[in-house]
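K.L.:
Sharing a structure here in structure tokens format.
The values are calculated or read from the model by the stated rules, or taken from the named source; none is laboratory data. None of these values were measured; they are calculated from a predicted model. In this analysis, Cβ positions are derived from the backbone assuming ideal geometry, glycine residues included, and neighbour counts consider all displayed protein chains.
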Amino acid sequence: RKEVEQDPGPFNVPEGATVAFNCTYSNSASQSFFWYRQDCRKEPKLLMSVYSSGNEDGRFTAQLNRASQYISLLIRDSKLSDSATYLCVVFFFFSGGYNKLIFGAGTRLAVHP
Amino acid sequence: ETGVTQSPTHLIKTRGQQVTLRCSSQSGHNTVSWYQQALGQGPQFIFQYYREEENGRGNFPPRFSGLQFPNYSSELNVNALELDDSALYLCASSSGPIGADTQYFGPGTRLTVL
């Protein structure tokens, strides 16, 4: 089983649509959670952190359910510029004194006019 | 921009060769992590360097090695290249290995092994 699993998509939606991405993670000891955005052939960029209380940044809303080990991202009023791959990311800190980000394979979003 | 730079941007090698990739971390950051991203996959953790020492490693063979220099820049070396090593190699810098500090990624080096 993969440590972080996402629906690969692609999600093809019209401008203005609302789209939801889901993600599950396997290690209940994971400490922090993020969504990154990656444009074609570019590096991943942090979109937002994810908290149990839920958090919103403009048209983007992220939610974490620790009990279900489930993370979500909701994009409202989709724009053409939202077209990208969205990576679900779990942060894990090891007692040996290092940390790493564990990435899902990404969900591709294509917004069309 | 993150302030993290990588060189070269693209590289073509043949099987069996060796390659060195370079990363300059963001000012004030002393921790560099390296990731490999194969086509269609998410980045996979290779290793992390903190204060010039490797302090964590993912599931990669010993032919993947690295260095960190006093100015916190870093190199990734891959020996005996295999076709499956073709990928985007990303480095990420952060201000420490402790805690959920944000990691900032460089633009990556795209390696093709023929």
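K.L.:
Report yes if B:Ser65 is more than 8 Å from chain A (Cβ to nearest Cβ), touching a residue at least 12 places away in the same chain (Cβ under 8 Å) and touching a Cys at 6+ places or on another chain (Cβ under 8 Å), otherwise no. Steps first, please.
P.N.:
On the way: more than 8 Å from chain A (Cβ to nearest Cβ): yes; touching a residue at least 12 places away in the same chain (Cβ under 8 Å): yes; touching a Cys at 6+ places or on another chain (Cβ under 8 Å): no.
No.
K.L.:
Ok, one more. Tell me which of these A:Lys42 doesn't satisfy, since it passes every other one: (1) in contact with a Pro (Cβ under 8 Å, 6 or more places away or on another chain); (2) surrounded by fewer than 18 Cβ atoms within 10 Å (Cβ to Cβ); (3) assigned to a strand (DSSP E or B).
P.N.:
It is condition (3) that A:Lys42 fails.
K.L.:
Now for a different question. Hey, any hits in region B:7-30 for a residue that's under 27 Å from A:Leu47 (Cβ atoms), within 10 Å of chain A (Cβ to nearest Cβ) and either buried (at least 18 other Cβ atoms within 10 Å of the Cβ) or modelled with pLDDT of 95 or more (or both)?
P.N.:
Among the residues of region B:7-30, not one is under 27 Å from A:Leu47 (Cβ atoms), within 10 Å of chain A (Cβ to nearest Cβ) and either buried (at least 18 other Cβ atoms within 10 Å of the Cβ) or modelled with pLDDT of 95 or more (or both), which makes the answer no.
K.L.:
Is it true that B:Ser86 is away from chain A (no Cβ under 11 Å), in contact with a Lys or Arg (Cβ under 8 Å, 6 or more places away or on another chain) and more than 20 Å from A:Val89 (Cα to Cα)?
P.N.:
Working: away from chain A (no Cβ under 11 Å): yes; in contact with a Lys or Arg (Cβ under 8 Å, 6 or more places away or on another chain): no; more than 20 Å from A:Val89 (Cα to Cα): yes.
When the stated conditions are applied, B:Ser86 does not pass them.
K.L.:
So B:Glu75 fits all but one of (1) charged (D, E, K, R); (2) surrounded by fewer than 17 Cβ atoms within 10 Å (Cβ to Cβ); (3) touching a Lys or Arg at 6+ places or on another chain (Cβ under 8 Å); what number is the exception?
P.N.:
(2)
K.L.:
Output the residues belonging to region A:79-113 that are within 25 Å of B:Ala38 (Cβ to Cβ), more than 14 Å from chain B (Cβ to nearest Cβ) and assigned to a strand (DSSP E or B).
P.N.:
A:Leu109, A:Ala110
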